[in-house]
Amino acid sequence: MSPDTLLMWMLLLPLFCAVGIVLARRNANLRDGVSVVFGIALFTVVALLANKFSWDSAPVWVLAEPIPGLALKLSPEPLGLLFALIASFLWPITATYAVGYMRGHGETNQTRFFACFALSIFATLGIAMAANMLTLFVFYELLTLATFPLVTHAGTAEAKRSGRIYLGILMGTSVAFLLLATIWTYHVTGTLDFTRGGIFPAGTDKAMMSVLLLLFVFGTGKAALMPFHRWLPAAMVAPTPVSALLHAVAVVKAGVFTLMKVAVYIFGIDTVAELNSAQFLSYLAAFTILAASIIAMSKDNLKARLAYSTVSQLAYITLGAMIGTTAGVVGGSMHIAMHAFGKITLFFCAGAILVASHRTKVSDLSGLGRRMPFTMAAFTIGALSIIGLPPTGGTWSKWMLVQGTLDASQWVLLSVLLISSLLNIAYLLVIPMRGFFGNVKDCEHDHGATTGINEAPLPCLFAIGMTSVGCILLFFYPDGLHALAQEVAK
Amino acid sequence: MSLFDHLPILVVLIPLLAAPICSLFRHGIVANRIALAAAWTTFGVAILLLKEILSNGTVRYQLGGWEPPWGIEYRIDILGGYVLLIVTAIAALVLSFARRSIESEIAKRRVAIFYAAFLLCFAGLVGMTITGDAFNVFVFLEISSLSSYALISMGKDRRALSAAFQYLIMGSIGATFILIGIGFLYMMTGTLNMDDMARILPDVAETRAIRVGFAFLTVGFGLKLALFPLHLWLPNAYAYAPSAVSAFLAATATKVAIYCLLRFLLGIFGVGFSLGVMPFDMILIALGCAGILSSSLVAIFQKNVKRMLAYSSVAQVGYIALGIGIATQTGISAAVMHMFNHAMMKGALFMALGAVMYRVGSVRIESFQGLGRQMPMTMAAIAIAGMSLIGIPGTAGFISKWYLVTATLEVGMWPFALLILIGSFMALIYIGRILEAAYFGTAKPGIVVQEAPIGMLVPIWVLVAANIYFGLHTELTAGLANQATAALMEALP
Amino acid sequence: MYNYWLVVFLMMAGFYVVISQGNLVKKVIGLGMFQTSVFILYISMGKVAGGAAPIVTEGVEVYSNPVPHVLMLTAIVVGVATTSVGLALVIRIHEAYGSVEEDDIQLLDNSVDDFQEVDL
């Protein structure tokens, strides 16, 4: 297949998948199979496209041209391919996991759930492949809308309230700041195409660019930079597969991905380094890293703790984009992938614990390692990857990020990264430690069996195994990823 | 002369003649068919006219063969053809939608009269759009206004009566102001033909009479187009009028008033005078912004959804006023574009509310509980048209917001750009309230609500589809608006 | 020039009545006065000093301008129509509310938040 056809299928497959799910709603097995099959097909397509990629012959697909000279168009580039690869690889795995979780947890409205899930993937791939800022913005908003029914899935008062926060912050910041920044940029430069080295002509007023960068960063609420991070903990009311794929991978990564794109292809890495606001933003990111870690420590609810951990880790990537060095961008890009694998594993484990033992609080997990050894082992691997210890993939991205701060001679930021790693140990690694070595604690949710092995349903375990093995493999074989990330910063 | 040459008069004549015929019939159904036929024919004629304008330039027609400036001249340029297209399209769609809705909201013996009044209102709006004679504008304005007072008073709620009366008082004052303004212009120029006026006016522009006339005209039109703070009549009028009337008036009446204001501001006084010599640009910008903020805020707290959308209309008029106030090519064409886009979204929204009214019998926010499941098509229409109102990309509303923001940035007024976007966010909140009730509320047990009949859904969805289509393909809306504005701004220095 | 002062007086008086009176019928009367002032404005405008009525007669050189007068014929028709629609509304309001005083009507409107159906 030619790259053009592949690009087209990349967008069409998840869309057809959503239709297929609705059509197959009468037969639960068929319906759930659809997601998995389409997910595998999608990953194949993305991998083929990534394999064939070269800057000179990148395909372009023009969808429409709503504003003369400014089309909605899609075209792959390394960073987008990297993002699409991760999302499409983790989708079928999450779909498998979701089958076990949704049935094990007795959730309703599963057709709507899976259909919206496929639509979210569609929007994510649109963001990944967007060839200009307008297209990215369109899919960005689409992603917010497609995930909204997933966040409010439970339909309870709490879910509704969280949905309001979710929609309010994400839509509000994007409409008020991101759109303004986009239109302003178009007004100044006359183009919104993602171009290597940035699109601002030489000699553009630096103060104005500083303001624009601020607008872009605060407009991208999905990146969860403080003070616009509240939506992410709120979104944790969603079923765990949603938290895992969307609020650890697709949605939040769409946010930092957008920041990366803006830094690399709108401003250009070198220009970012010269802007005052970038300096401010990297300090804000550092603050977010520390503050979110500290909040995470104080959270007893497992999913809330993971959510704040995500806020903290996203700020790493923002930091990487804002310090304006090649190593920072490479590290940030790699961290998109590494954090994705690590965090999805942790969320899968949290969901598995919920399904198998109905526990949601960290303090209730003592001794659970003996009942769910497999899950807890996977949790350890995921936690190691987030902290950035060998033998997990997170090591490399943290390494590159540290390298980036060294290149920029930012000693304060460097120490923040190191302190934060210690904090990560304190709030993440403590969980499996207690699980394996703590005393078994009685919990009112336990029904009978308190001894013996009691793991989550098989599809869940399969998914957990895949992602935790992925974490380890990425330590030994980071070359492909590294090459793609290098290509971004070239 | 072939019939083709008489197209300009036909667009007025068809509804004007069909109106008394409607009133002759006892049965509403016959009147409905006549009104439908008249509206669709007029729409067809409007399309032919627009084609003619695009290929051969401005269409002129002398009434009774009298040469201007003695006789009345109909003159339709691109902008006129564009507004004509909006008005006729909305009228045709609303009438297609109206039959059942009207049967359920209006007493049987008044149905035929209703259609007659509707057609008269329609004829008046069309006349305002195409006439080239200043006094004729007043006459058509009063035809449309008087019939709209009657239409609003036919609402089921008794508050419709007091709303109509309030509108009558304010509307008549507005119209009289316009009449005084035209009088002053006539006094100084000695002509009523708009082209002639525009030609003679620069010689006498420095007189006090012209300035007074200008002030009277703008205040008068400000009242008719519900420019903040002259909008007090609008929320009640739209809220308590029969649904079809709300849909028609919200989508067309304010638009035509804006168009007339543009004709006077730019076509007669010229940009230099109205937005330069008189500080009207700053006034428009200030009032526009105040309108956007205050009306959006009030809309958020409304319990009656029709009233909510009525306040939203005032806010949207604020956007248009802001665009005109910026007074650049981009600003004015953004305003013109928003006229078209707003007509589409508000038409769709109010018709969908009509469908809710028909099935549920109320449009208070509580009665939307659970409708997402019971009336999926209607609610989906509200959702999409609502997104267009917010300005979500991929819908028509996004395009006009885009151009409007660009226009403010071009003149370096970025705080206003932020304000426009904050307005969008407030729209998100009030639309969100409707959708939250519809999709997350639980229906009252025991009450079964059916989906709206297909005859209602089709016109609604035509407009919804148009919202999406014009969000992706803007050759017609943006292209025409740009052309029209360029012509308007070039016409005079 | 005194007629222009008359116009201003009538206009202001009419406007004042519309605003200040709570009785709807009086409001309609005020509106009528307001409109009438504009008729006089136009008619004064059309009068040419020393001009005769605009009927072609031998020996007359200066005619008054007939156009404003003709325009006012239309405007008078519009005024009559407005008054009649206004009064018709007042009658229906009286049927529905039992009062034509603005204060009473507002009180009745505010006292019920719910839907108030009139007899059809």
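The values are calculated or read from the model by the stated rules, or taken from the named source; none is laboratory data. What you are looking at is a predicted structure, and each value in this text was computed from that prediction instead of being measured. Cβ sites come from the backbone with ideal geometry, for glycine too, and all protein chains shown count toward neighbours.
Assorted remarks:
- Complete set of residues in segment A:178-214 that are out of contact with any Pro (no Cβ under 9 Å at 6 or more places or on another chain), in a helix (DSSP H, G or I) and either surrounded by fewer than 22 Cβ atoms within 10 Å (Cβ to Cβ) or of a type in the set (S, T, N, Q) (or both): A:T182, A:W184, A:T185, A:H187, A:K206, A:A207, A:M208, A:S210, A:V211, A:L214
- Among (1) surrounded by fewer than 24 Cβ atoms within 10 Å (Cβ to Cβ); (2) not in a helix (DSSP H, G or I) - the single one A:I425 does not satisfy: (2)
- Residue count, segment A:150-166 (criterion: at the interface with another protein chain (Cβ under 8 Å from one of its Cβ atoms) and either farther than 23 Å from B:F440 by Cβ or surrounded by fewer than 23 Cβ atoms within 10 Å (Cβ to Cβ) (or both)): 3
- Summed over segment B:141-154, residues that are within 7 Å of chain C (Cβ to nearest Cβ) and more than 19 Å from B:Y259 (Cα to Cα) total 4.
- Among the conditions (1) crowded, with 20+ Cβ neighbours inside 10 Å; (2) more than 25 Å from A:T467 (Cβ to Cβ), A:I127 misses just one, which is (2).
- Qualifying residue in segment A:128-148 (condition: of a type in the set (D, E, K, R), outside any loop (DSSP other than H, G, I, E, B) and under 30 Å from B:G412 (Cβ atoms)): yes
- Residues within segment B:158-168 that are within 15 Å of B:V245 (Cβ to Cβ) and more than 7 Å from chain C (Cβ to nearest Cβ), tallied: 3
- Scanning segment A:48-74 for residues that are within 12 Å of chain B (Cβ to nearest Cβ) and in a strand (DSSP E or B) yields A:V62, A:L63, A:A64, A:E65, A:P66, A:I67, A:L70, A:A71, A:L72.
Here is a yes/no grid of residues against (1) out of contact with any helix residue (DSSP H, G or I) (no Cβ under 7 Å at 6 or more places or on another chain); (2) at the interface with chain C (Cβ under 10 Å from one of its Cβ atoms); (3) under 18 Å from C:F39 (Cα atoms); (4) not charged (D, E, K, R):
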| residue | (1), (2), (3), (4) |
| --- | --- |
| B:K156 | no, yes, no, no |
| B:S172 | no, yes, yes, yes |
| B:A175 | no, yes, yes, yes |
| B:L179 | no, yes, yes, yes |
| B:M194 | no, no, no, yes |
| B:V212 | no, no, yes, yes |
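- Scanning segment A:101-110 turns up one or more residues that are within 12 Å of another protein chain (Cβ to nearest Cβ), more than 26 Å from B:S400 (Cα to Cα) and not aromatic (F, W, Y).
- Residue in segment B:459-478 that is more than 14 Å from chain A (Cβ to nearest Cβ), over 24 Å from A:V138 (Cβ atoms), touching an Asp or Glu at 6+ places or on another chain (Cβ under 8 Å) and in contact (Cβ under 8 Å) with a residue 40 or more places away in the chain present: no
- Taking the criterion of being more than 8 Å from every other protein chain (Cβ to nearest Cβ) and more than 15 Å from the chain's Cα centre (by Cα), the only residue of segment C:70-87 that qualifies is C:V70.
- Residue within segment B:443-454 that is in a helix (DSSP H, G or I) and aliphatic (A, V, I, L, M) present: yes
- Matching entry among A:M376, A:M372 (being more than 24 Å from the chain's Cα centre (by Cα) and buried (at least 22 other Cβ atoms within 10 Å of the Cβ)): A:M372
- Among the residues of segment B:277-306, those identified as surrounded by 20 or more Cβ atoms within 10 Å (Cβ to Cβ), away from chain C (no Cβ under 14 Å) and over 18 Å from B:F214 (Cα atoms) are B:G288, B:C289, B:G291, B:I292, B:S295, B:S296, B:A299.
- Only one of B:S400, B:S424, B:S388, B:S367 that is at the interface with chain A (Cβ under 8 Å from one of its Cβ atoms) and crowded, with 20+ Cβ neighbours inside 10 Å: B:S424
- Residue in segment A:94-116 that is under 24 Å from A:L259 (Cα atoms), assigned to a helix (DSSP H, G or I) and of a type in the set (A, V, I, L, M) present: no
- Within segment C:32-69, tally of residues that are at positive phi and either part of a strand (DSSP E or B) or within 14 Å of another protein chain (Cβ to nearest Cβ) (or both): 0
- Members of segment A:407-422 that are surrounded by 15 or more Cβ atoms within 10 Å (Cβ to Cβ) and among the hydrophobic types (A, V, I, L, M, F, W, C): A:A408, A:L413, A:L414, A:V416, A:L417
- Some residue of segment B:364-382 being modelled with pLDDT under 90, of a type in the set (A, V, I, L, M, F, W, C), more than 20 Å from A:V175 (Cα to Cα) and in contact with a strand residue (DSSP E or B) (Cβ under 8 Å, 6 or more places away or on another chain): yes
- Within segment A:144-197, the residues that satisfy the criterion of being charged (D, E, K, R) and farther than 16 Å from A:M236 by Cα are A:D193, A:R196.
- Segment B:183-192, subset surrounded by fewer than 24 Cβ atoms within 10 Å (Cβ to Cβ) and either farther than 11 Å from C:M45 by Cβ or modelled with pLDDT of 90 or more (or both), residue nearest to the other protein chains (Cβ to nearest Cβ): B:T191
- Picking from residues in segment B:323-366 that are part of a helix (DSSP H, G or I) and either basic (K, R) or without any contact (Cβ under 8 Å) to a residue 12 or more places away in the chain (or both), the one that is nearest to B:F280 (Cα to Cα) is B:K346.
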